[in-house]
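What follows is a single structure, written as structure tokens, with notes after it.
Please treat every number below as a calculation from the coordinates, not as lab data. If you're wondering where the values come from, they're calculated on a predicted model, not measured in any experiment.
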Amino acid sequence: MQRFRREGHNKGVSATTSDADLLILSRTNADAFGEIYERHAKTVHRYLVRRIGAEPADDLLGDVFAIAVEGRMRVTIHASGSALPWLYGIAKNVVRSYLRARRSRAEPDVIEEFDWDAVDSRIDAAAKGASLRHALAQLPPGELEVLLLVTWEQLTVTEAAESLGITAVAARSRLHRARARANAALSSKTTTR
């Protein structure tokens, strides 16, 4: 992972150039894609860490951006102008492939792969951590992914929908169901104690 911006890197690209413009520019000037990396690598890395842990995330970040560079000619730019929903979609597929390969070697289930330290730091771990894990484990994968993209990654529902390759209506519906199911599971845990 590139950690420092090189002087003279991305000549002709200003910090105010939009992601959409950079993606178009990168089709004829591959250096323009470096600015997309600079803007979003940390955010995509955090996404990967929360899904699969720090060590594999370090390795897979390069895969995400290698796939993005290869796909820059075909990308349809999101209405928001941000490259982040597209990058999250690529990252989701990279994580899925990684977990599928691990599962074929009889590794733990997907829900165990989340970085629960990130969850625990946001809530009172002693009181809610186990209940939240249980509630999230009850969600179907499609609902879970929308919920995590909107809550952890701070994507809009429309951006999450694009990342997942579904309509915004479907994403809203999944998000609503996920929140309702998670709240019901959390409520049932607190009333049974």
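A compact table of results
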quantity	calculated
Volume per residue of the C-alpha convex hull in the stretch 13-115, rounded to whole Å³	98
From phi via Karplus (6.51, -1.76, 1.60), per-residue ³J(HN,Hα) for the stretch 81-91 in Hz, x at Gly/Pro	x, 8, 7, 4, x, 5, 5, 5, x, 5, 4
